[in-house]
1. Kindly evaluate residue 15 against the criterion of being away from the ligand (no atom under 16 Å from the Cβ) and either exposed (fewer than 15 other Cβ atoms within 10 Å of the Cβ) or at pLDDT 95 or above (or both).
2. Can you name every residue in region 145-163 that is among the charged types (D, E, K, R) and near the ligand (Cβ under 10 Å from one of its atoms)?
3. How many residues does region 193-236 contain that are loosely packed, with under 10 Cβ neighbours inside 10 Å, among the small types (Gly, Ala, Ser) and modelled with pLDDT of 60 or more?
4. At least 2 residues that are over 18 Å from residue 162 (Cα atoms), touching a Leu at 6+ places or on another chain (Cβ under 8 Å) and within 14 Å of the ligand (Cβ to nearest atom) in each: list the strands (runs of 3 or more DSSP E) lying fully within region 41-144 that qualify.
5. Please go through region 195-214 and give me each residue that is among the charged types (D, E, K, R) and under 15 Å from the mean Cα position of the chain (by Cα), ordered by number.
6. In region 152-206, how many are polar (S, T, N, Q), over 23 Å from residue 132 (Cα atoms) and out of contact with any helix residue (DSSP H, G or I) (no Cβ under 8 Å at 6 or more places or on another chain)?
7. Just to be sure I understand, how many residues within region 1-40 are assigned to a loop (DSSP other than H, G, I, E, B) and of a type outside the set (Asp, Glu)?
8. Quick check, is residue 185 in a helix (DSSP H, G or I), touching a His at 6+ places or on another chain (Cβ under 9 Å) and either surrounded by fewer than 21 Cβ atoms within 10 Å (Cβ to Cβ) or not acidic (Asp, Glu) (or both)?
Amino acid sequence: MDPLDRSSDNVLNRYTTRWFEGESLVNRIGRTLCLAECVSRKEFFESWETAKRLRRQMRGGTILELAAGHGLLSAMLLLLDDTSPSATLVDTSMPPSFAKIYAVLRERWPQLSGRLNYVEGPLEEAVADSHSLVVSIHACGTLTDRVLDMAISAGCRVGVVPCCHDYKRCDTGGLTNWMEGSLAIDAMRVARLRHQGFRVAALNIPRDITPKNHLLLAWPEPKGPVDEEPPCQAETTVEPL
Ligand SMILES: C[S@@+](CC[C@H](N)C(=O)[O-])C[C@H]1O[C@@H](n2cnc3c(N)ncnc32)[C@H](O)[C@@H]1O
């Protein structure tokens with residue numbers, strides 16, 4: 001393989017384990033997923049680079065992954081930070097890759113057992129609360145806006161990598177004479193979250209993986225005086241990033 005081509009749709013398999021030498025977490029996960037033989041190189045690096053950046057800024061929380069597909073993002077978030085109790089993955093249909101991925105990861109990391117729950121159904125029916133960490137990679141078009149709506153109404157943290165920007169149905173803010181349409185849509189998403197009282201970080205995952213590389217993180221700003229210290233997490237496992 002060209003080691004720099006992380007955008008490939010080629011599936012990781014038993015013969016590609018040699019690309020993941022060493023004991024870093026990303027290499028251990030990479031080697032393990034090669035055994036599942038159902039994850040593309042792009043999906044792997046996209047999920048990893050998103051999970052890593054999310055966990056640098058957002059620890060803990062019950063994970064709610066929407067338009068989850070293979071669900072790799074949730075698994076990586078749990079492996080990076082064991083203080084999240086569980087993840088619920090929602091998609092209209094669970095792909096066969098989920099079971100294969102979960103099986104190999106659970107074999108290698110038994111602490112994942114029972115902590116990834118897949119729910120088949122529309123994401124509009126999912127329920128978040130203020131302790132949720134709502135995440136989604138490539139919720140197409142307006143689905144990303146529904147993900148943000150959910151975080152706004154629950155008042156919880158959210159991280160999305162948007163894709164398939166729909167210039168007709170998403171809000172461009174009338175800015176398309178000034179900037180490219182997908183940029184305008186994501187800029188309006190940032191403006192909307194800020195207007196709703198969220199703090200926002202507009203980040204990127206590496207462009208060599210996908211040109212759709214915006215990573216939008218948002219936190220509800222605390223409303224009143226904070227009168228409690230956050231719980232001590234000294235007993236929990238947190239992977240260094
Ligand atoms: C581009 S895929 C992304 C999957 C995965 N997050 C990834 O990164 O590979 C979009 C996913 O959205 C799901 N989807 C489409 N409409 C949905 C809806 N209304 N509710 C939940 N999932 C939906 C599809 O089934 C598909 O798995």
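1. Values: away from the ligand (no atom under 16 Å from the Cβ): yes; either exposed (fewer than 15 other Cβ atoms within 10 Å of the Cβ) or at pLDDT 95 or above (or both): yes.
It is true that residue 15 is away from the ligand (no atom under 16 Å from the Cβ) and either exposed (fewer than 15 other Cβ atoms within 10 Å of the Cβ) or at pLDDT 95 or above (or both).
2. Initially, region 145-163 is screened for residues among the charged types (D, E, K, R), giving 145-146, 149, 157.
The answer is 146, and nothing else.
3. Final tally of qualifying residues: 1.
4. 87-91, 116-120
5. 212
6. Number of matching residues: 2.
7. Of the residues in that region, 14 qualify.
8. Criteria met by residue 185.
The values are calculated or read from the model by the stated rules, or taken from the named source; none is laboratory data. The structure presented is a predicted model; accordingly, all values stated were derived computationally and were not measured. Reconstructed Cβ throughout: ideal geometry from the backbone, glycine too, with neighbour counts over all protein chains shown.
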